[in-house]
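One structure below.
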Amino acid sequence: MRIQETPNSSELVTYAPFTLFPTPVPKAVFLQALAVQTHYNTLVDKISQDTDFLEEALSSTIAVDDFTARLFKLHQQILKEGRSQSIVLGLNRSDYMLDQRDDGSSSLKQIEINTFAASFGGLSSRTPDVHRHVLKVAGRLEESQNILDNNPAAGLARAVAKAWELYGSESDGQEVAVVYFRNGYMPQNYISEQTWDARLLMERSLAVKCPDISTHLAGTKKVQQVLTRPGVLEKFFPDQPQVVEQIRATFAGLYTLDMGPEGDKTVTMALEEPDRYVLKPQREGGGNNIYGSEICQVLQGVKGSTERMAYILMDKIHPAPVQNYLLRRDAPLQLNNCLSELGVFGTYVRQGKDMVMNECVGHLLRTKSSEHSDGGVAAGVAVLDNPLLI
């Protein structure tokens, strides 16, 4: 992978950071995460088609967050003009941490669902062989045989190929069938009006967008918080109580900061016990969350203002730390107390009202030292890992 010093050059590269050994993960919790993924795919797709829900869920956010407001304005423009393409392609990743209960068991809790540029499908396909080799060298042959095969890249590619196939145009070197957005989820990706015009041009085009603008909005933090309200999941899955139960079981506590008594209560909770929560702005890409005393600093400044509506509050997850070695370029090899985050990749392709493909296609485990609150692999904090099911 490219190095931080020269992120736009491929002349200098280094190995992707990884753990020396795979991390133990309870088998039941791992299988739970895989089993619920196709339901999350369906949920995201249903949300993206529900214009009224998106407008209501994001109404407070777009009043105070300029970036989300601009995205929503683009969404409204596309709806007014009429959607140009009936084929929808979703490449998602739902991220979880394992919350340790008082009895020592683990509970799967969703951190977020990524509907835009869900990364590491390729690199996570490579790490199983690395850990198999390390375990064999370490004389842990039986454990090496228990490392799971994992190839999200193949599943992601299969979905893109299906969307291209349904598009139905021969490859003539001119017409674009599928647009995959690697960037476009952060304000700094839109450096000028010309950039916004380019996004609008692509949204208007016949090409299949991954994601289209409505699916982009479906993955926002505010939508995630609204989904935890009583009765909301039932709206999307009427007469499917088991599906509702499976999804709801993965929810962490999420709280609104909208103006009013409910939002006031959230502010009070956070100020009284900031270490119990994470304050989340409507931003993607990692490294944006606010923890501990910083929560108090932010909320003291905005608690009486509509600016607080740009955030949501989430229960802080408390996973059990595991010791491991983190291999990074130019970093000493030492034993660390580590925390892990499990991601599950999902794909779906819909044509009109027909769901043509809906699959769980693999997983990702990222691990970081417990001294870090936030930050991913690209930020130089987390490293790639593999689950060793126990």
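The values are calculated or read from the model by the stated rules, or taken from the named source; none is laboratory data. The shown structure was predicted, so the numbers you read here are calculated from the model rather than taken from an experiment. Here the Cβ is made from the backbone with ideal geometry for all residues, glycine too, and neighbour counts use every protein chain on show.
Just a few scattered comments:
- All positions within the stretch 1-49 that are among the acidic types (Asp, Glu) and either surrounded by 21 or more Cβ atoms within 10 Å (Cβ to Cβ) or modelled with pLDDT of 95 or more (or both): Asp45
- Output for the stretch 266-290, where each listed residue is part of a helix (DSSP H, G or I) and under 22 Å from Asp65 (Cα atoms): Thr266, Val267, Ala270
- Taken as a whole, the structure places Ala33 among residues that are within 20 Å of the chain's Cα centre (by Cα), of a type in the set (Gly, Ala, Ser) and within 26 Å of Val160 (Cβ to Cβ).
Each row is one residue, and each column tells you yes or no for (1) farther than 30 Å from Ala177 by Cβ; (2) at pLDDT below 95.
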residue	(1), (2)
Ile312	yes, no
Leu333	yes, yes
Gln351	no, no
Val361	no, no
Gly376	yes, yes
Gly380	yes, yes
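- Scanning the stretch 257-313 for residues that are within 23 Å of the chain's Cα centre (by Cα) and hydrophobic (A, V, I, L, M, F, W, C) returns Leu257, Val278, Leu279, Ile290, Ile295, Met309, Ala310, Ile312, Leu313.
- Here Thr266 qualifies as in contact (Cβ under 8 Å) with a residue 40 or more places away in the chain, out of contact with any Gly (no Cβ under 6 Å at 6 or more places or on another chain) and farther than 26 Å from Gln49 by Cα.
- Filter result for Glu11 (over 22 Å from the mean Cα position of the chain (by Cα) and either in a helix (DSSP H, G or I) or more than 29 Å from Ser369 (Cβ to Cβ) (or both)): yes
- Total residues in the stretch 155-176, condition touching an Asp or Glu at 6+ places or on another chain (Cβ under 9 Å) and crowded, with 19+ Cβ neighbours inside 10 Å: 2
- Filter result for the condition that a residue is within 19 Å of the chain's Cα centre (by Cα), of a type outside the set (A, V, I, L, M) and farther than 30 Å from Gln145 by Cα, over Thr68, Thr51, Thr38: Thr68
- Pro152 crowded, with 16+ Cβ neighbours inside 10 Å, under 25 Å from the mean Cα position of the chain (by Cα) and farther than 18 Å from Pro211 by Cα: no
- Any hit, the stretch 188-210, residues being within 20 Å of the chain's Cα centre (by Cα), touching a residue at least 40 places away in the same chain (Cβ under 8 Å) and under 30 Å from Tyr277 (Cα atoms): no
- Ile317 being β-branched (Val, Ile, Thr) and touching a residue at least 24 places away in the same chain (Cβ under 8 Å): yes
- Restricted to the stretch 339-359, and to residues there that are in contact (Cβ under 8 Å) with a residue 12 or more places away in the chain and surrounded by fewer than 22 Cβ atoms within 10 Å (Cβ to Cβ), the residue that is nearest to Ser105 (Cα to Cα) is Glu341.
- Yes/no for Ala218 being farther than 20 Å from Arg283 by Cα, touching a strand residue (DSSP E or B) at 6+ places or on another chain (Cβ under 9 Å) and hydrophobic (A, V, I, L, M, F, W, C): no
- Residues of the stretch 50-95 that turn out to be β-branched (Val, Ile, Thr), loosely packed, with under 14 Cβ neighbours inside 10 Å and under 25 Å from Thr250 (Cβ atoms), as a count: 0
- Some residue of the stretch 214-234 being acidic (Asp, Glu), within 22 Å of the chain's Cα centre (by Cα) and modelled with pLDDT of 95 or more: no
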